[in-house]
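These notes concern the structure reproduced below.
A short reminder: the numbers here are calculations on the coordinates, not readings from a lab. What you see is a predicted model; the values in this text were computed from it and never measured. Here Cβ is always computed from backbone atoms with ideal geometry, including for glycine, and neighbour counts include all displayed protein chains.
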Amino acid sequence: MTTVISGAYIAPIVGDEIPDGYLVVEGTMITAIGSGPAPIIPGAETIDASGCLVTPGLVNTHHHLYQWASQGLAKDNTLFEWLVALYKPWSKMDAEVVGGAAAAGLGWLAKSGCTTSTDHHYIFPQGRGDLFAAEIDAAQRIGVRFQPCRGSMDRGVSDGGLPPDEVVESLDDILTATAEAIDTYHDASFGSMLRIAVAPCSPFSISKELLVESATLARAKGVRLHTHLAETLDEEEHCLAQMNCTPVEYMEQVGWLGDDVWFAHAVHLHDSDIAKMAATGTGTAHCPSSNARLGAGIARISDLLAAGAPVGLGVDGSASAEMVPLAGEVRQAMYMQRAKYGPTALTARQALEIGTLGGATVLGRQSEIGSLEVGKLADIAIWRTDGFYSAVDDPVVAFAYGQTPPLARLMVGGRTIVENDVLTSAPQDEIGRAGADAHRRLMKLAEDVL
């Protein structure tokens, strides 16, 4: 299948923008990009993108898809209060809940321009089915590239951790299950639709031994490492009290700095932390809406970028950032940096780059996705910047400021999965109902602990 996208304003991220240009997609790949009239290719599908902005598909670097089923709870709590309240219902989820929540969450992401998403699943109640397989099945149904992280917690309340003991696993069980997930699902090939990462949850819910052993396992298997870090001041106080160091210093001690590592949030960083992360290529998943919802603070994204550290965007779990679209995080990231650091702190183009090539770099996929270049995968978003949006002369500004423009087309490896703002890879209404059903099922399963 050959597709020609013509008459578009193209923001390739790498190289100059093209005010009136074309893209040619053959199979799963971008094979041509240029300025002026598109080539005529017999038998090709032609998409008239006049009045549209074409960007790479957005990349989501942090999520908890199961949380779609627990939206709207613990509405005015800090992170630790929110976690204590929600660990109880989460302990009751099963594979049916996770499958429905993941389908809705990934469908919603696709409708906001996301072509690649990670997920961090770290709660595995016993006897509740294969939760990890359930979200992988959902991703295949929606048609996005997926990089789920096999998460874990081994340090419950009785060991000085935050989570209740009933939601943690033993070290041996974690390492066995994580290795099995990698061996079963991880596809390292170019253009892969499914890769696995290793992701102990956070410093206040995991042992030092789990961090060390997880890093050894991940590097032996050739996969990436992910965890939450420096999300709140409470976490820093916890690390100082129990480990006698800051969160980033702790990560350095256990071998968790490097270009195969990315941290979620990284809100509360010292200058020395930023320097270490930049020097080692350690990435950050910036989740501005979640950080705002929980009152966690505003991450030093401008400083990380200035230092040369990789930064991507994340929507975080739907229970801490209800119904947040990934495209909306481009605007949120830009505005929150400006609110704290001034109007030049982050430009529209920098914010768009964080959401595309930045995210691809954080996930180690910058040679495949994140920019529109010949030889890269055809993960492409076409945004309507005509109509009301045409009052703004600069289409990138029209996209990044204000409400996100309508999504005319979203392609993953050349396959259309969203058209005219409607999910087409799976029945949109059915996917929406699956998310609602997952919520109702979880609330029923957890009614004795709510």
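Some points to look at:
- Phi to ³J(HN,Hα) by Karplus 6.51 cos²θ - 1.76 cosθ + 1.60 over segment 351-367, Hz, x for Gly, Pro: 5, 5, 5, 4, x, 10, 5, x, x, 4, 5, 4, 8, x, 10, 5, 7
- Cα point-scatterer Debye curve for the chain, base-10 log of I(q)/I(0) at q = 0.10, 0.11, 0.12, 0.13 Å⁻¹: -0.66, -0.80, -0.96, -1.13
- For His120, the residues 5 or more places off, or on other chains, whose built amide H falls under 5 Å of its own are His63, His64, Leu65, Cys149.
- Degrees, to the nearest 10: 208-221 long Cα axis against longest axis of the chain: 40
- For a label point 7 Å along the Cα-to-beta-carbon line of Ala177, residues of segment 110-133 with backbone N under 20 Å: 118-133
- Calculated from backbone phi, Karplus (6.51, -1.76, 1.60) coupling profile of segment 62-68 in Hz, x at Gly/Pro: 7, 7, 9, 4, 4, 6, 3
- Total formal charge among the other residues, if their Cβ is under 13 angstrom from that of Glu252, Lys/Arg +1 and Asp/Glu -1: 0
- Full extension of the chain between Met443 and Glu430 gives 2.7 nm of extra length, using 0.36 nm per residue less the Cα-Cα distance.
- When you filter the trypsin sites (Lys or Arg not before Pro) in segment 53-135 for DSSP loop state and at most 15 other Cβ atoms inside 10 Å of their Cβ, you are left with Lys75.
- For segment 256-286, there are no residues whose amide N sits under 13 Å from a probe point set 7 Å from the Cα of Val14 along the beta carbon direction.
- Proximal aspartates and glutamates to Lys221, defined as alpha-carbon separation beneath 15 angstrom and excluding residues fewer than eight positions away on the same chain: Glu180, Asp183, Asp187, Glu213, Asp260
- Residue-by-residue Karplus 3J(HN,Hα) for segment 225-230, coefficients 6.51, -1.76, 1.60, Hz, glycine and proline x: 10, 8, 7, 6, 7, 6
- Segment 16-145: translational diffusion in µm²/s, Stokes-Einstein, Kirkwood Rh over Cα pairs, 20 °C, 1.002 mPa s: 121
- Annotation: extensible slack from Gln242 through Thr347 equals 33.9 nm (criterion: 0.36 nm per residue apart, minus Cα-Cα distance).
- Taking amide H as placed 1.01 Å from N in the peptide plane, the amide H of Phe146 sits under 5 Å from that of Ser117, Leu194, Arg195, each at least 5 places away or on another chain.
- Around Tyr66: net Lys/Arg minus Asp/Glu count, Cβ-Cβ under 9 Å: -2
- Neighbours of His270 by Cβ distance under 13 Å: Lys/Arg scored +1, Asp/Glu scored -1, total -4.
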